[in-house]
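Down below is the structure, laid out as structure tokens.
The values are calculated or read from the model by the stated rules, or taken from the named source; none is laboratory data. None of the values given here were measured: they were computed from a predicted structure. Heads up, the Cβs are rebuilt from the backbone with ideal geometry, glycines too, and the neighbour counts pull from every protein chain shown.
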Amino acid sequence: MIEVMGLTKKFKEVTAVDNISFKVNKGEIVGLLGENGAGKTTTLRMISTMLKPSLGTAKICDLDLIKNPDEVRKKIGILFGGEVGLYDRLTARENIKYFADLGGLSNEEANRNIDMLAEMLDMKEYIDRRVGKFSRGMKQKVAIARAIVHNPEVMLFDEPTIGLDVSSSAIVQDFILDCKKRQRAIVFSSHSMREVEKLCDRVVIINKGKLVYEGTVEDLKNENNGEDLERVFLRMVGGKNE
Amino acid sequence: MNSLWGIVFKKELKDLFRDKKTVITSIILPLVLFPIIFGLMGKSAKSSVEKVTKEVKIAYVGEDNSLKKFLASAPNIKIINSKDYQEDVKKGDVYLAVVVGDRFEEKLSQDKMADIKIIYDSDSGDSQTAMSVVRDMINAYKEEVVKNRLLSKGIDVSILNPIEIKDEPLKKEKANEGALVLNMLLPLYLLIYAVTGPMAAAIDLGAGEKERGTLEPLLTTQASRMQLLFGKLCAISVMGIIGTTSSLTGLMIAFKNSPDFFGSANLSLSVGSIALIGLTAIVLNMIFASVELAVSIYAKSFKEAQTYLTPITVVGMIAAYGTFMLDVKNASIMLFNVPLVNIALILKEFIIGVYNPLHISITFAWAIVYILASILFARYMFSREDVIFRT
Ligand SMILES: Nc1ncnc2c1ncn2[C@@H]1O[C@H](COP(=O)(O)OP(=O)(O)OP(=O)(O)O)[C@@H](O)[C@H]1O
Ligand SMILES: [Mg+2]
């Protein structure tokens with residue numbers, strides 16, 4: 001589903017992402033783990049065609065993102081950052097509909113999907129209210145619905161739980177698990193080993209733009225004789241734990 | 001309108017129209033502001049004159065004579081007894097005091113010269129209004145005296161008036177007066193409106209999108225950057241044009257409602273002129289809309305966008321005031337190649353009903369160049385990764 005091949009991004013002198021390769025299969029959650037500035041966001045931005053790779057490429061559902069960015073965009077949904085950006089003066093439905101329209105859905109399709117999502121995420125009672133005064137959790141659900149209204153086969157999450165309280169985090173985590181059930185391919189970035197351990201099948205650890213580990217969470221545990229994975233992670237990224 | 005840019009356009013307009021602040025500041029305020037201001041100013045100026053001329057309160061000092069009777073006979077003059085007329089004029093109890101000299105009536109009857117002093121307050125508008133009323137009355141009295149003197153000598157009054165001058169203005173003179181006012185004000189206003197009208201929308205749709213964090217999901221939709229840009233640009237231009245329209249409508253209501261304030265200048269324009277002026281206003285709004293959008297996309301936040309847009313406002317204002325006194329009749333063809341100045345000049349031509357094909361084509365060709373250049377500039381900004389993801 002996702003095949004990342006030697007992705008590299010240079011910003012002037014800084015090499016933010018340095019020759020990273022990994023694969024994500026259908027129905028699999030891969031954790032992209034790294035500290036601040038490791039290059040997680042940059043990697044996900046390249047996969048989602050927002051940034052052009054300096055070198056390398058990736059294939060999404062066998063489509064090359066450099067040759068076919070428009071087709072690739074049809075296949076992906078993104079949920080970036082803890083801050084959910086919504087249009088406050090539009091209703092929840094209008095927010096979602098805008099992205100459905102821009103995703104090329106027909107009116108019927110869009111409305112059907114929105115009604116389904118409203119049901120699924122339990123937001124029927126406020127779907128037609130303006131989002132300006134929504135609580136954080138309500139907004140989170142709208143952002144989630146917006147990300148998948150066009151039925152993407154690939155979901156990219158960039159630290160989606162950052163800054164969220166326990167219940168909002170739970171909404172997002174449940175949603176990620178639901179995506180897995182629906183056989184989507186999921187990349188999920190985080191700087192918390194705990195979260196990755198809980199959700200992911202496999203983990204990709206990057207440090208200063210370079211890949212330092214790729215494998216299943218199980219293998220990582222076995223290789224380290226059941227040592228606390230948080231400590232393993234710290235060791236891998238150079239142990240600057242302050 | 002199901003193209004992607006059309007979806008963007010419709011959504012942005014809906015979003016903008018739901019913003020109370022934008023609607024009030026760019027549509028409602030300009031519509032009512034001018035009529036209210038000019039209405040109040042006109043009313044107070046008018047009512048003060050009305051109040052004075054309705055009842056001209058004066059003090060009369062000196063002998064009781066035919067002049068006093070003559071003044072008192074005017075229905076709007078009221079003679080008030082005054083002990084200290086200097087003080088009363090100062091306090092405004094009377095608007096002025098008429099002081100007749102010694103043996104006034106006697107001197108007149110002997111064909112001699114008599115004198116009158118009028119004491120008034122030169123700082124008071126009311127006093128001066130009263131002055132002109134009283135002066136007219138005294139002049140009328142004077143003419144009566146002259147007439148009687150001549151008659152008693154058997155001479156016709158017309159001997160005093162060997163030449164009579166009748167001034168007859170050309171019929172179109174009045175229209176020109178209006179065109180003169182328009183010529184100075186309209187380009188100025190249109191420039192200012194075109195700078196300020198699209199600004200709030202441009203800030204919201206450029207920097208605002210970044211600040212809200214909606215840009216990233218937007219960039220991963222099917223809409224290309226050019227489609228996003230074009231939809232936004234059209235929405236911003238529409239807001240600008242609506243702003244210009246409501247400002248002009250407000251101005252026109254003010255003109256119509258307060259003729260006392262503006263004089264009776266006749267502001268008639270031909271349909272052709274109005275259409276061309278409208279077209280120019282649209283073009284002008286599009287120019288500023290695209291420049292402002294490009295700057296706004298470059299900015300990181302609302303605040304930054306406001307800071308960057310201030311110099312643009314200043315440039316617009318300088319151009320606007322610079323063209324204020326510009327006389328289109330003596331303008332060289334070179335000036336039609338100067339940005340903004342050419343647009344002000346062409347507007348001035350349209351107002352006086354001159355349609356010079358050469359001037360029009362030069363100006364509009366340049367306008368298209370400006371618009372294309374600023375769209376390309378905006379597109380360039382929108383395609384630069386370091387601009388889109390500036391943190
Ligand atoms: N647009 C840009 N221009 C220049 N440098 C950038 C840009 N975006 C990111 N960088 C740099 O690239 C490196 C990786 O950044 P990135 O945002 O991908 O890290 P991250 O893993 O997402 O970190 P965080 O956990 O803080 O979100 C950093 O050193 C960052 O300063
Ligand atoms: Mg990041």
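Listed by position, the helices (runs of 4 or more DSSP H) inside the stretch B:189-257 whose residues that are within 14 Å of chain A (Cβ to nearest Cβ) and not small (Gly, Ala, Ser) number at least 3 are B:207-212, B:215-219, B:225-257.
Results for (1) assigned by TED's automatic domain parsing to the domain that holds residue B:214; (2) surrounded by fewer than 22 Cβ atoms within 10 Å (Cβ to Cβ); (3) of a type in the set (Val, Ile, Thr); (4) without any contact (Cβ under 8 Å) to a residue 12 or more places away in the chain, shown as yes or no for each residue.
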{"residue": "B:310", "(1), (2), (3), (4)": "yes, yes, yes, yes"}
{"residue": "B:321", "(1), (2), (3), (4)": "yes, yes, no, no"}
{"residue": "B:354", "(1), (2), (3), (4)": "yes, yes, yes, no"}
{"residue": "B:362", "(1), (2), (3), (4)": "yes, yes, yes, no"}
{"residue": "B:375", "(1), (2), (3), (4)": "yes, yes, yes, no"}
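Go through (1) at the interface with another protein chain (Cβ under 9 Å from one of its Cβ atoms); (2) within 12 Å of ligand 1 (Cβ to nearest atom) for residue A:43 and report which single condition fails. So the condition that residue A:43 fails would be (1).
Scanning the stretch A:108-133 for residues that are out of contact with any helix residue (DSSP H, G or I) (no Cβ under 7 Å at 6 or more places or on another chain) and more than 13 Å from chain B (Cβ to nearest Cβ) yields A:108, A:109, A:111, A:112, A:115, A:116, A:119, A:120, A:122, A:125, A:133.
Residue-by-condition table, conditions (1) closer than 28 Å to residue A:41 by Cβ; (2) at pLDDT 90 or above; (3) crowded, with 21+ Cβ neighbours inside 10 Å:
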| position | (1), (2), (3) |
| --- | --- |
| B:205 | yes, yes, yes |
| B:222 | yes, yes, no |
| B:227 | yes, yes, no |
| B:232 | yes, yes, yes |
| B:242 | no, yes, yes |
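Residue pairs whose Cβ atoms lie under 8 Å apart, separated by 6 or more positions or on different chains, with the first residue in the stretch A:93-107 and within 17 Å of residue B:228 (Cα to Cα) and within 7 Å of chain B (Cβ to nearest Cβ) and the second surrounded by 22 or more Cβ atoms within 10 Å (Cβ to Cβ) and polar (S, T, N, Q), are A:99/B:221; A:102/B:221; A:103/B:221.
Listed by position, the strands (runs of 3 or more DSSP E) inside the stretch A:1-97 whose residues that are farther than 22 Å from residue B:382 by Cβ and within 15 Å of ligand 2 (Cβ to nearest atom) number at least 1 are A:14-24, A:29-33, A:76-80. Where helices (runs of 4 or more DSSP H) fall wholly inside the stretch B:289-391, the ranges with 3 or more residues that are within 14 Å of chain A (Cβ to nearest Cβ) are B:385-388.
Within the option set A:60, A:47, A:78, A:66, being in contact (Cβ under 8 Å) with a residue 12 or more places away in the chain, of a type in the set (Val, Ile, Thr) and surrounded by fewer than 17 Cβ atoms within 10 Å (Cβ to Cβ) holds for one residue only, A:66.
Checking A:73, A:136 one by one, the residue that is out of contact with any strand residue (DSSP E or B) (no Cβ under 8 Å at 6 or more places or on another chain) and surrounded by fewer than 20 Cβ atoms within 10 Å (Cβ to Cβ) is A:136 and no other.
One residue stands out in the stretch B:1-19 among those that are assigned to a loop (DSSP other than H, G, I, E, B) and facing chain A (nearest Cβ under 9 Å): the one that is modelled with the lowest pLDDT, namely B:2.
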